[in-house]
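> Got a structure here, written out as structure tokens. Questions coming.
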Amino acid sequence: MANPKKRHSKCRRDKRRTHDRLTPVNYSKCPNCGEPILPHRMCPNCKTYKGRQIIALKTSEKS
């Protein structure tokens, strides 16, 4: 196995690690209710996606 002959500097180490960071999550606004949602997903608040109702909202029926 090959071993390094000399120690790498902190600068060289940090240059290598510049791409290891995390990117923040991009949120978009729901066109129906304005709630922040992840792109290409149904709005958990109003249950719509691209202006269509995906899940019927439950209505409380009293008998």
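The values are calculated or read from the model by the stated rules, or taken from the named source; none is laboratory data. Note that the structure is a prediction, hence the values are computed from the model and not measured. Here the Cβ positions follow ideal geometry from the backbone for every residue, glycine too, while neighbour counts run over all protein chains shown.
> Do you know which residues across region 17-46 are closer than 26 Å to LYS58 by Cβ and among the β-branched types (Val, Ile, Thr)?
Result: ILE37, single match.
> Hey, does region 15-23 have a residue that's polar (S, T, N, Q) and part of a helix (DSSP H, G or I)?
Yes, the conditions are met somewhere in region 15-23.
> Give region 36-52 a look and list any residue that's under 15 Å from the mean Cα position of the chain (by Cα) and part of a loop (DSSP other than H, G, I, E, B), or say none. Walk me through how you get there before you give the answer.
Here is the first cut: in region 36-52, the residues under 15 Å from the mean Cα position of the chain (by Cα) are 36-44.
Matches in region 36-52: LEU38, PRO39, HIS40, ARG41, MET42, CYS43, PRO44.
> Among what's in region 1-37 and is small (Gly, Ala, Ser) and farther than 30 Å from GLY51 by Cα, pick the residue that is surrounded by the most Cβ atoms within 10 Å (Cβ to Cβ).
The residue in question is SER9.
> Can you confirm whether LYS58 is modelled with pLDDT under 90 and loosely packed, with under 10 Cβ neighbours inside 10 Å?
It is true that LYS58 is modelled with pLDDT under 90 and loosely packed, with under 10 Cβ neighbours inside 10 Å.
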